[in-house]
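Notes follow the structure.
Each value in this text was obtained by applying a stated rule to the coordinates, not by laboratory testing. Computed from a prediction, not measured in an experiment: that's the story for all the values here. Note that each Cβ is placed from the backbone with ideal geometry, even for glycine, and that neighbours are counted across all protein chains shown.
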Amino acid sequence: MWNGVLCGLLAGAMWGMVFIVPELLSAFSPVEMAVGRYVAYGAIAFGLMLPKLGNLLSRLERSDYAALLRHALSGNIIYYMLLALGVKFAGVAPTSLIIGVLPIAVTLMGRNDHGAVPLRQLALPLLVVAAGITCINVDVFQHAQAAGQPLLRTLTGLLCATGALLCWSWYTLDNARYLKRNPHYTSGEWSALYGLSTGVIALLIGAVAFALFHDQVTGAAGAASGRDWGLFWICNGVIALGASVIGNHLWNIASRRVPVTLSGQLILFETLFALLYGFIYKHQFPRPLEIAAIVLLIAGVVWSVHVHAQEEEISPA
């Protein structure tokens, strides 16, 4: 189990980078950022799986295609567009901490899965996590009011972050269940197929968007508004390799080695690394309520891991 926990931590460190990119590429739309990231992801996945592409494709069944399609949309493209909107309207810390509700959502949704720890044993850790989420929500509205930010803009950002949360909660559970039902795919193989399918869908979305909004993309106004395409592809290439290829592979390993209820807790590492990167990027220290949220989230995760470790010692089978 501990190897799974370590892989989950490293995946979180990789995934935390995606919350900073919307800040760096604020001149681009969420659709452009999602298409750029996942086209790059698909290209890298294609290169990695090219030597055994024929063998992998020949093993795919109709259920695999359906799973890859729904995971590509919910876990990648739609999720990332909503995340980017959340960062744009509400900021890095609020968005990352709203998505930090994932452990509660995934734990509740996976409470009947094999190996899941009874909810009564997780009640206190989940209450600690909920307290952390409450702290960040209070901080968001206090800070927005002090900064004179329109309430509608703040609410829009929080709603987008909540939408991203729902997408990822469903994806996390469905992906974990699918991997455990289909052990004939290695974590690397499924990650590569996942990346390739996401890249194909992103290409289709990008082609439609380019056809409809060609003038905005190529016009002089776009160039004058700080749309640095070199930076765009560098950022998307980095997160495609780090967050999508390496991060997803690590997460697939973790998903197979820990119970679903614990995998939900491990997603909080993404939140914590996103906060760390955000504070470094903005050269600022967290505010008191943000500190309280971080401490409570860490405490909730550590407590939950401890509960699962105890349960594993009692019931190793």
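For the peptides 296-306, 276-286, residues were scored by their other Cβ atoms within 10 Å and the scores averaged per peptide; the highest-first order is 296-306, 276-286.
Take each peptide in 9-21, 80-92, count the other Cβ atoms within 10 Å of every residue, and average; sorted highest first, the result is 80-92, 9-21.
Straight-distance candidates among the lysines for linking to K88, with alpha-carbon spacing under 16 Å and chain neighbours fewer than 8 residues away dropped: K282. The distance linking the range 135-173 with the range 44-75 is 33 Å (Cα centroid to Cα centroid, whole angstrom). Here the sum of -39500 (n - 2.57) over DSSP H runs of 4 or more residues, divided by the residues of the chain, equals -25500 deg cm²/dmol at 222 nm, to the nearest 500. Looking only at the range 73-105, which residues have a backbone nitrogen under 20 Å from a spot 7 Å from the Cα of V238 in the C-beta direction? The answer is 80-81, 83-85, 87-88, 91-93, 96, whose backbone nitrogens lie closer than 20 Å to the label point.
With 29 Å as the cut-off, how large is the P(r) tail for the range 33-182, expressed as percent of Cα-Cα pairs? Beyond 29 Å sits 33 percent of the P(r) for the range 33-182. Normalising the average separation of contacting C-alpha pairs (under 8 angstrom, six or more residues apart) by the number of residues puts the relative contact order of the chain at 43 percent.
By the Cα gyration tensor, the chain has an equivalent ellipsoid whose semi-axes, rounded to whole angstrom, run 30, 28, 15 from largest to smallest.
Shown for the chain are the DSSP H helices of 30 Å or more along their axis, judged by Cα atoms, with a mean Kyte-Doolittle hydropathy of at least 1.0: 119-146, 187-212, 288-314.
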